[in-house]
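Report on the following structure.
The values are calculated or read from the model by the stated rules, or taken from the named source; none is laboratory data. From a predicted model like this one, the values you see are computed outputs, not experimental measurements. With ideal geometry, Cβ positions are generated from the backbone for all residues, glycine too; neighbour counts draw on all protein chains shown. All accessible areas refer to the heavy atoms of the entire protein, side chains included, with ligands and DNA or RNA removed. Shrake-Rupley method; radii C 1.70, N 1.55, O 1.52, S 1.80 Å.
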There are 2 protein chains.
Amino acid sequence: MKRKSAAVDPVARARDALRARGMRWTPQRRALLEVLVEASGHVTGAELIERARQRDPETTPSTVYRTLDVLEDLGLVSHSHGHDGREEFHVWPASEHAHLACEACRATWEIEATEALAMTEALARTRGFAVNLSHLTVSGLCADCRRSADAV
Amino acid sequence: MKRKSAAVDPVARARDALRARGMRWTPQRRALLEVLVEASGHVTGAELIERARQRDPETTPSTVYRTLDVLEDLGLVSHSHGHDGREEFHVWPASEHAHLACEACRATWEIEATEALAMTEALARTRGFAVNLSHLTVSGLCADCRRSADAV
DNA sequence: CTCCGTTTTGAGACATGTTGCAACAAGCGG
DNA sequence: CCGCTTGTTGCAACATGTCTCAAAACGGAG
Ligand SMILES: [Mn+2]
Ligand SMILES: [Mn+2]
Ligand SMILES: [Zn+2]
Ligand SMILES: [Zn+2]
């Protein structure tokens, strides 16, 4: 049997968060939330539209993008940027992390907060700057690709 | 009187670099190079098209973007990404640096290589990863905006 | 100077978002 | 259940790039 406890279901949590701010719970938002709970890893806006259209072919891009903005304001999703600079949404990550991306082989890795501490600490100390870790993508050459490049 | 010495003029340097690779020196590329030498700071592709059109209204976007790619391959320009993820080109920077961007007030700062060393070193040591510093943009809240946020 | 192979350009279609605005509808109060 | 208020949607236009392909032209050879 289902319980209506406050925060078990992410969809219900989103609904409550919206209503708490005087915003509305619409079928379009509900549909996107359902897509998001089934997503994992990093997903672009275009991919989310695609998936939402499988549920409802009437799905409109502008509504999806606007909803993603709202959800980001509520802290329910976050985004970083892929190689092309395109936004990639990150849904309910297990832990906050930054991203590492090899420009050559296009592989990516996640950097946990502890590993990123050296950098965030330095910027906090010297500049009082609070780094948005989830938004951060560090690109460059991974160990393997670096070796290949040296060989040339 | 003008000298044809190898590398004084950035435009000539670009021309030589292109020819050395069997690529061609065209009026379109020359025009963009002339725009670039007069640019400073960070400039988006759209802005460069705009400026190129002041010289030659026939300027075509696809040609500009392709030329920027070529120049980046040659190491003559580099890009990072602004708040919206849009590419921002950096022309012949005095020194290689990363970027710091406040999400609230939209101010930006440059981080010199020495200051970024803490991070690049850590990633090199733990992962053998070579960070592309010029491409890096760290976003978050600057000291001032952090204070304002706390006050709320 | 002319010819030719290869690179480059420009046009147009396409991809991915963003924005203004009028119509719509969620949710509240009566 | 009904009507309002106000947040939301969908459309269309716009912004910024990317990609394909035929036509143009750079630059070296003859
Ligand atoms: Mn980039
Ligand atoms: Mn972003
Ligand atoms: Zn790699
Ligand atoms: Zn700020």
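Shape of region A:13-152 from its Cα gyration tensor (a ≥ b ≥ c, root eigenvalues): rounded if a/c is under 1.5, otherwise prolate when a/b > b/c, or oblate? Could the numbers behind the result be given before it?
Details: a/c = 3.03, a/b = 1.57, b/c = 1.93.
It is oblate, given that a/c is not under 1.5 and a/b is not larger than b/c.
What is the percent carbon and sulfur in the accessible area of region A:97-151, measuring with a 1.4 Å probe over the protein chains and ignoring ligands? Mind dumping the intermediate values first?
Values: 1430 of 2670 Å².
It is 53 percent, rounded to a whole number.
Please report the net charge: other residues with Cβ closer than 15 Å to the Cβ of A:His97, K and R +1, D and E -1.
On the way: positive: B:Arg127; negative: A:Glu88, A:Glu96, A:Glu110, A:Glu112, A:Glu115.
Overall, the nearby charge balance is -4.
Based on the Cα gyration tensor of region B:10-91, what are the three equivalent ellipsoid semi-axes, each the root of five times an eigenvalue, rounded to whole Å and given largest first? Please list the in-between numbers first.
On the way: eigenvalues 75, 46, 24 Å².
Sorted largest first and rounded, they come to 19, 15, 11 Å.
What are the residues whose amide H is under 5 Å from the amide H of A:Glu88, where those residues sit 5 or more places off or on another chain and H is modelled from the backbone?
Residues meeting the criterion, in which the H sits 1.01 Å from N, are A:Ser80, A:His81, A:Gly82.
HN-Hα J couplings of region A:24-36 from phi, Karplus 6.51/-1.76/1.60, θ = phi - 60°, integer Hz, Gly and Pro as x?
Running phi through 6.51 cos²θ - 1.76 cosθ + 1.60 with θ = phi - 60° gives 10, 9, 10, x, 5, 5, 4, 4, 5, 4, 5, 5, 5 Hz.
What is the mean number of Cβ atoms from other protein chains located within 10 Å of the Cβ atom of each residue in peptide B:108-121, rounded to a whole number? It would help to have the intermediate numbers written out before the result.
Details: counts 0, 2, 0, 5, 0, 0, 0, 4, 3, 1, 8, 8, 4, 2.
The per-residue average across the peptide is 3.
Between copies, how far does the label point of A:Ser95 sit from its twins, in nm, shortest first, when each point is 7 Å from Cα along Cα→Cβ?
3.5
Once neighbouring chains are kept in place and the probe is 1.4 Å, which whole percent of the accessible area of region B:10-91 is contributed by carbon and sulfur?
Details: 1920 of 4430 Å².
The value for region B:10-91 is 43 percent carbon and sulfur by accessible area.
Choose one answer from A:Ala130, A:Ala39, A:Ala31: the residue with the largest mean-square fluctuation in a GNM of chain A with alpha-carbon springs under 10 Å.
A:Ala130
Specify the residue with the greatest mean-square fluctuation among B:Gly75, B:Gly41, B:Gly128, computed from a Gaussian network of chain B linking alpha-carbon atoms under 10 Å apart.
Maximum fluctuation in the GNM of chain B, among the listed residues, is at B:Gly128.
I need the calculated FRET efficiency for the pair A:Arg66 and B:Asp73, taking r as the beta carbon distance and R₀ as 35 Å, to the nearest 0.05. Provide the component values of the computation, followed by the final result.
Working: r = 37 Å, r/R0 = 1.07.
It comes out at approximately 0.40.
Using just the helices of the protein assembly as shown, give the 222 nm mean residue ellipticity in deg cm²/dmol: DSSP H runs with n ≥ 4 each add -39,500 (n - 2.57), and the total is spread over all residues, rounded to 500.
Numbers: 12 runs with 142 residues, N = 304.
Counting only the DSSP helices, I get -14500 deg cm²/dmol.
Determine, for each peptide in B:94-105, B:52-63, the mean count of other beta carbons within 10 angstrom over its residues, then list the peptides with the highest first. Display every interim value, and only then the final one.
Details: B:94-105: 16.4, B:52-63: 13.4.
Packing order, densest peptide first, comes out as B:94-105, B:52-63.
Mean separation of Cα pairs under 8 Å and 6+ residues apart, divided by the residue count of region A:1-146: what relative contact order is that in percent? Please list the in-between numbers first.
On the way: 164 pairs, mean separation 27.1, N = 146.
Contact order relative to length: 19 percent.
Tell me, what is the FRET efficiency for A:Arg30 and B:Arg53 to the nearest 0.05, using R0 = 35 angstrom and their Cβ-Cβ distance as r? Walk me through the numbers before you get to the answer.
Numbers: r = 46 Å, r/R0 = 1.32.
Once rounded, the FRET efficiency stands at 0.15.
With all distinct Cα pairs included, what does the Kirkwood hydrodynamic radius of region A:97-151 come out to in Å, to one decimal, could you say? Mind showing how you got there, number by number?
Values: mean 1/r = 0.0815 Å⁻¹.
About 12.3 Å for region A:97-151.
Give the nm distances, rounded to one decimal, from A:Gly75 to the matching residue in every other copy, measuring between label points 7 Å along Cα toward the beta carbon; shortest first.
4.6
Could you tell me the total accessible area buried at the B-A interface, probe 1.4 Å, in square angstrom to the nearest hundred? Please report the intermediate quantities before stating the final value.
Working: alone 10080 and 10110 Å², together 17620 Å².
For chain B against chain A, roughly 2600 Å² becomes buried.
Placing a label point 7 Å from Cα toward Cβ, how far apart in nm is A:Asp150 from its equivalents in the other copies, listed shortest first to one decimal?
So the label point of A:Asp150 gives 4.4 nm to the other copies.
Give the accessible surface of region B:97-151 per residue, rounded to a whole number of Å², with probe radius 1.4 Å and ligands, DNA and RNA excluded.
About 48 Å² of surface per residue is accessible.
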